[in-house]
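K.L.:
Pasting in a structure now, in structure tokens, and then I'll have a few things to ask.
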Amino acid sequence: MTIDEAIKHCKEVAEENEEMCRIEELMGLGLQNAEMMKCAREHKQLAEWLTELKQFKEQEPCEDTISRQAAISHVDDVPYIKEHPNVGLLWEAWIESLPSAQSKRKVGEWIKKNNDYFDWYECSECGYGSDGEMKYNRLCDVRTKFCPDCGSQNLKGE
């Protein structure tokens, strides 16, 4: 199931439950209204969270980032600001108001290596596996989506 399908499913369930509540109310039944309304609210909330998650995942990552705290520390070290602390407070407030940045993940690939005794894979970004961490027999492929050493996304490879 994709995230779009999950969002669509949650919205459909919420709408169906709300519709059933309206029908039961019109008919004067009201048998399961409380449970159905709770379910509808929960599915609406889930759809909102999934939509937010999708937006975060689709953000364009940037190459160079610095934490707000590191930027504020740098500003605090500027001689002019040490002499004029009110200016420093303005800069700190401005830094705090900046939007968040997302660092760009490295993308590598698992490179298959072998010797006379066994096969293994190495990360193309950091060489993880060169010491035999990724020992491999043909029945068990131990490659992961992310390198456990440098965190690069290793989707390429054999």
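Here, each number is a calculation from the coordinates, and none is a lab measurement. Source: prediction; values computed, not measured. Positions of Cβ are backbone-derived with ideal geometry, glycine not excepted, and every protein chain shown enters the neighbour counts.
K.L.:
Translational diffusion coefficient, Stokes-Einstein: compute it for segment 3-58 using the Kirkwood radius over C-alpha pairs as Rh, at 20 °C and 1.002 mPa s, and state it as an integer in µm² s⁻¹. Walk me through the numbers before you get to the answer.
P.N.:
Details: Rh = 11.8 Å.
Estimated via Stokes-Einstein, D reaches 181 µm²/s.
K.L.:
Measuring from a point 7 Å past the Cα of E42 along Cα-to-C-beta, which residues in segment 1-20 have an amide N at less than 13 Å?
P.N.:
In segment 1-20, the label zone of E42 (backbone N under 13 Å from the point 7 Å along Cα→Cβ) covers 14.
K.L.:
With contacts defined as alpha carbon pairs under 8 Å and 6 or more residues apart, what's the relative contact order of segment 1-51 in percent?
P.N.:
On the way: 41 pairs, mean separation 27.1, N = 51.
Once normalised by length, the contact order is 53 percent.
K.L.:
Modelled label-to-label distance, V107 and E92, 7 Å Cα→beta-carbon offset: nm?
P.N.:
Those two pseudo-labels are separated by 4.1 nm.
K.L.:
Continuing with this model, one more query. In terms of modelled amide H atoms, which long-range or inter-chain residues lie less than 5 Å from the amide H of S124?
P.N.:
It is E109, I111, by chain and number.
K.L.:
Subtracting the Cα-Cα distance from 0.36 nm times the residue separation, let me have the gained length for E25 to T144 in nm, one decimal.
P.N.:
37.6 nm
K.L.:
Using 7 Å Cα-to-Cβ label points, what is the A34/L53 separation (nm, one decimal)?
P.N.:
In this crude spin-label approximation the distance works out to 3.0 nm.
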